[in-house]
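Each remark here refers to the structure printed beneath this line.
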């Protein structure tokens, strides 16, 4: 090794000699012909760094490309900053809020203003001009007080409140053409790298589309999801009513000892919504199947139990049936693309038997249902006799519940479908959203540790497979639901922080999952810890932290 150069080991590409002090961005130019997908960031000795990072000693490097979730986050954060900078230039008196993902895009809206189509087109043009100018995203380190002064001057008091509630003396901010942004993630070094995006006029706001991990060079056509958009709107209304539009406001309530009242009101909103769903079911006596589905860690089990109680309050006598008892014998289970048992496949269930039993139960017959032993991989010799009172609903909860093929022998008009998911409307601040998947992953890490003995490492390692299963088996059917229930609680991450942090801290830098663990730890650090002792035992959150009335 020469005195003025160092050797770095790039995963999948081998050794490279680079000048001491050269940046990761300079490295990307050197290897661009060998990498098919744009590089968004790098992991240096398994720690995420943006492309402004300077190499000063030998190290191991993993390239974070646009076809990965980590790379996609960097691209989307940069595109969102580009949009906010364009808003500052075209509409300087408006405040933009990056709300949430919606279908294959990000839903954004102005505070107290609905844009016109021409205005969205102007923003698109301004963003394109900023890309052509090839402006730098400059990462700066500064005292927290200085950052607060800058954001106060920019009239971004949401960021000021957030920073004031953090126990950090120094913060990292990004600057683009005189406009500052705070992000708990990284951004690309130059605007020219954000050369593929689309703005759609989507009243009452805007959809920002970018490439996705499975197609990093294109933007897919937007897929309308009106029912999901409506439940997100309801979640926003709840957050506004609870005076918690962002984490800074939530932290302020915790500091002022108002969290107990917030918990009670938020839980009451859930109870009122579940009661209204029960009323909807009871209004139509022809509805015999109540089908409940949703992605992992949405709280489906607790929701189903609470719905059953509300149906009983209305004078109904519902019966619950577990799909788990209808698994085929393990050696008959379909295999996935890796040759492993695919227990999430629809065809891992005895569909004919299940439909036969449903038809007979609806007809008033008594049925001997199977009892599946996961330990043996087959059904027990003895079953369970079940009979449904005349005209009463049968509650079925499972990942395939909204798939028509699961209950193909039952007439369509006898089914009532419910989609459950944790759709958080809380933002970190107005330009940093909280992905729904992050909330669900943190819930699952805590529950897996408590009930299954899994460490956070195992849960994070399996999460991509879980998400892939959701994309196949759940999300394509969510718009088929008659009603959607949002199981997110605006206060939950402040409570979950205390449970999740020690589990995430167990993951060391020798594991690839260390990057994700560190990201989640930083994410949780924005929330002031809250005492959850007043959380009622029937809460959705009890399914994850323990102390629930219901079996989970």
Legend entry - Gain on full stretching of the segment that runs from residue 521 to residue 385 - 0.36 nm per residue minus C-alpha separation: 44.2 nm
Legend entry - Packing-based ranking, highest mean first, of 206-212, 339-345 given that Cβ atoms within 10 Å are counted: 206-212, 339-345
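Gain in length, residue 69 to residue 265, computed as 0.36 nm per residue apart minus the alpha-carbon separation, to one decimal in nm?
67.0 nm is the gain from fully extending residue 69 to residue 265.
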Legend entry - Least to most buried among 451, 302, 498 (fewest other Cβ within 10 Å first): 451, 498, 302
Legend entry - Ellipticity estimate at 222 nm from DSSP helix runs (n ≥ 4, -39,500 (n - 2.57)) divided over the chain, nearest 500: -11500 deg cm²/dmol
Inset, instruction - Output the relative contact order of the chain, whole-number percent, from Cα pairs under 8 angstrom with separation of 6+ residues. - result: 15
Inset, instruction - Extending each Cα 7 Å along its Cβ direction at residue 4 and residue 413, get the distance between those two points in nm, one decimal. - result: 8.4
Inset, instruction - Note the listed values (1) 1.08; (2) 0.96; (3) 0.99, then indicate which one is Rg/Rh (Cα atoms, Kirkwood Rh) calculated from this particular structure. - result: (3)
Legend entry - Euclidean distance of C-alpha centroids, the stretch 349-400 and the stretch 251-273, integer Å: 39
Legend entry - Cβ-Cβ FRET estimate between residue 133 and residue 113, R0 fixed at 22 Å, reported to 0.05: 0.20
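How do 217, 113, 174 rank when sorted from fewest to most other Cβ atoms within 10 Å of their own Cβ?
Ascending Cβ contact count within 10 Å gives the list 217, 113, 174.
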Inset, instruction - Report, in whole Å, the centroid distance computed from the Cα atoms of the stretch 130-152 and the stretch 184-205. - result: 17
Inset, instruction - Compute the distance in nm between two label points, each set 7 Å from the Cα along the Cα-to-Cβ direction, one at residue 89 and one at residue 363. - result: 7.0
Legend entry - C-alpha long axis of helix 514-524 to longest principal axis of the chain, angle in °: 80
Legend entry - Distance between modelled label sites at residue 168 and residue 452, nm, 7 Å Cα→Cβ extension: 3.1
Legend entry - Efficiency of FRET between residue 54 and residue 534 - r from beta-carbon atoms, R0 41 angstrom, step 0.05: 0.25
Legend entry - Net lengthening on full extension, residue 200/residue 272 (0.36 nm per residue, minus Cα-Cα): 22.5 nm
Legend entry - Helix 226-241 axis, angle to the chain major axis (alpha carbon atoms, nearest 10°): 70
Inset, instruction - Any chance you could check the Cα centroid distance between the stretch 445-511 and the stretch 277-320 for me, in angstrom? - result: 24
Inset, instruction - Give me 84, 301 ranked fewest to most by other Cβ atoms within 10 Å of their Cβ, as a rough exposure proxy. - result: 301, 84
Inset, instruction - Order these peptides, 96-106, 464-474, by their mean beta-carbon neighbour count within 10 angstrom, highest first. - result: 96-106, 464-474
Inset, instruction - Quick one: angle between helix 300-313 and the longest Cα principal axis of the chain, in degrees between 0 and 90, rounded to 10, please. - result: 40
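Readers should treat all values here as calculations from the given coordinates under stated rules, not as data from a laboratory. Since the structure is predicted, the reported quantities are computational estimates derived from the model, not experimental observations. Using ideal geometry, Cβ is built from the backbone for each residue, glycine included, and neighbour counts are taken over all protein chains shown.
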